[in-house]
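The values are calculated or read from the model by the stated rules, or taken from the named source; none is laboratory data. This structure is a prediction, so every number in the text was calculated from the model and none was measured. Cβ coordinates were reconstructed from backbone atoms using ideal geometry, including for glycine residues, and neighbour counts include every protein chain displayed.
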Amino acid sequence: MPELPEVETIRRSLLPLVQGKVIREARVYLTKAVKPAPEEFVAELKEKRITDLERRGKYLIFLLDTGQRLVFHLRMAGRLVWQGEASPLAKHTTLVLDLMDGHSLHFVDPRKFGTVVLSPPAALPGGLTGLGLEPLTTDKGELLAALEKAAARRSGPVKGLLLDQSVLAGLGNIYADEVLFAAGISPLRPAREVTPAEWERIYRWMIEVLNESLDHRGTSRRDYVDGRGEPGDFQNYLRVYGRKKEPCVKCGNQLVYARVAGRGTHYCPTCQH
Ligand SMILES: [Zn+2]
């Protein structure tokens with residue numbers, strides 16, 4: 001699933017291509033993916049200008065000149081790619097936005113879990129209202145305080161807390177595993193037992209790992225590509241995620257793969273405590 005670095009890379013790649021452009025027409029191919037219902041969705045988008053493109057957590061948000069927002073969540077396997085005139089429809093196309101300049105944005109989603117919500121001016125669509133803090137732009141003190149406060153209230157493992165979008169917006173399975181490995185903290189550790197010094201370490205590595213992935217334009221393991229259809233290459237720099245049973249890059253012992261907080265989790269029992 002695209003996480004913060006992937007969605008941010010899509011945003012950065014699309015922004016110069018779509019900013020200021022006018023939507024000629026929306027074509028909906030998967031009714032359940034869009035809100036409101038297709039007829040209204042299509043009518044509302046007609047001839048609207050895209051003024052900006054933002055990201056919040058794993059959401060990609062098109063701002064329109066009317067104050068409306070068009071909010072994409074790519075979920076498991078969605079891709080949003082800018083294409084030239086008369087590009088053929090790929091299999092599993094959910095939605096196409098044709099632009100007046102002859103290009104179009106194709107939302108292709110083999111797993112069909114992705115959503116596109118058009119929200120009225122001044123209203124935030126459902127998923128966005130309960131989102132937690134942004135790891136890269138929130139003040140360090142504020143972020144650490146929020147993590148420690150959330151940790152004190154829960155009995156579950158620290159990995160579950162890092163994945164909780166209502167606390168921290170944008171981390172998913174890949175980066176939670178990578179951050180905990182880099183920080184030397186076991187994903188199984190009860191969140192409430194993580195010390196302030198360890199939270200500080202988690203924070204530092206979270207910033208480091210997310211920025212490193214952004215530099216590599218995200219992780220392409222299966223589906224993810226940026227807004228121009230280009231893969232990222234951070235998959236070549238992952239240290240635990242996807243390395244089931246391989247030797248640990250720090251100590252050489254075999255990595256462990258287990259279910260933690262309901263998700264497949266990669267870690268080193270020797271290096272992570
Ligand atoms: Zn190790």
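For segment 56-84, a tally of residues being surrounded by 19 or more Cβ atoms within 10 Å (Cβ to Cβ), of a type in the set (D, E, K, R) and under 16 Å from the mean Cα position of the chain (by Cα) returns 2.
Ser220 meets each of the listed conditions (1) farther than 25 Å from His92 by Cβ; (2) assigned to a loop (DSSP other than H, G, I, E, B); (3) not basic (Lys, Arg) apart from (1). Being assigned by TED's automatic domain parsing to the domain that holds Val256, at pLDDT below 95 and not in a helix (DSSP H, G or I) holds for only one residue in Ser155, Ser166, and it is Ser155. Within segment 187-210, if we keep just the residues that are more than 25 Å from the chain's Cα centre (by Cα) and of a type in the set (Val, Ile, Thr), the residue that is surrounded by the fewest Cβ atoms within 10 Å (Cβ to Cβ) turns out to be Thr195.
Yes/no matrix, rows are residues, columns are (1) among the hydroxyl-bearing types (Ser, Thr, Tyr); (2) at negative phi:
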| residue | (1), (2) |
| --- | --- |
| Gly102 | no, no |
| Leu105 | no, yes |
| Lys112 | no, no |
| Thr115 | yes, yes |
| Gly132 | no, yes |
| Pro135 | no, yes |
| Asp139 | no, yes |
| Leu143 | no, yes |
| Val158 | no, yes |
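Val116 fulfils the conditions (1) modelled with pLDDT of 95 or more; (2) assigned to a loop (DSSP other than H, G, I, E, B); (3) touching a His at 6+ places or on another chain (Cβ under 9 Å) except for a single criterion, (2).
The rows are residues; the columns are (1) away from the ligand (no atom under 16 Å from the Cβ); (2) in contact with a Ser or Thr (Cβ under 8 Å, 6 or more places away or on another chain).
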| site | (1), (2) |
| --- | --- |
| Gly218 | yes, yes |
| Arg222 | yes, no |
| Val225 | yes, no |
| Glu230 | yes, yes |
| Cys248 | no, yes |
| Gly252 | no, no |
| Leu255 | no, no |
| Ala261 | yes, no |
| Tyr267 | no, yes |
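Looking at Leu118, is it under 21 Å from Val18 (Cα atoms), in contact with a Leu (Cβ under 6 Å, 6 or more places away or on another chain) and in contact (Cβ under 8 Å) with a residue 24 or more places away in the chain? For Leu118, the condition - under 21 Å from Val18 (Cα atoms), in contact with a Leu (Cβ under 6 Å, 6 or more places away or on another chain) and in contact (Cβ under 8 Å) with a residue 24 or more places away in the chain - is met. Give me a count of the residues in segment 164-186 that are crowded, with 24+ Cβ neighbours inside 10 Å and of a type outside the set (Val, Ile, Thr). The total comes to 9. List the strands (runs of 3 or more DSSP E) that sit entirely inside segment 1-102 and contain at least 3 residues that are farther than 30 Å from Val167 by Cβ and in the same structural domain as Val117 (by TED's automatic domain parsing). Ranges flagged: 23-28, 79-83, 93-99. The set of residues from segment 232-242 being closer than 23 Å to Leu163 by Cβ, more than 10 Å from the ligand (Cβ to nearest atom) and in contact with a His (Cβ under 6 Å, 6 or more places away or on another chain) comprises Gly232, Phe234, Tyr241.
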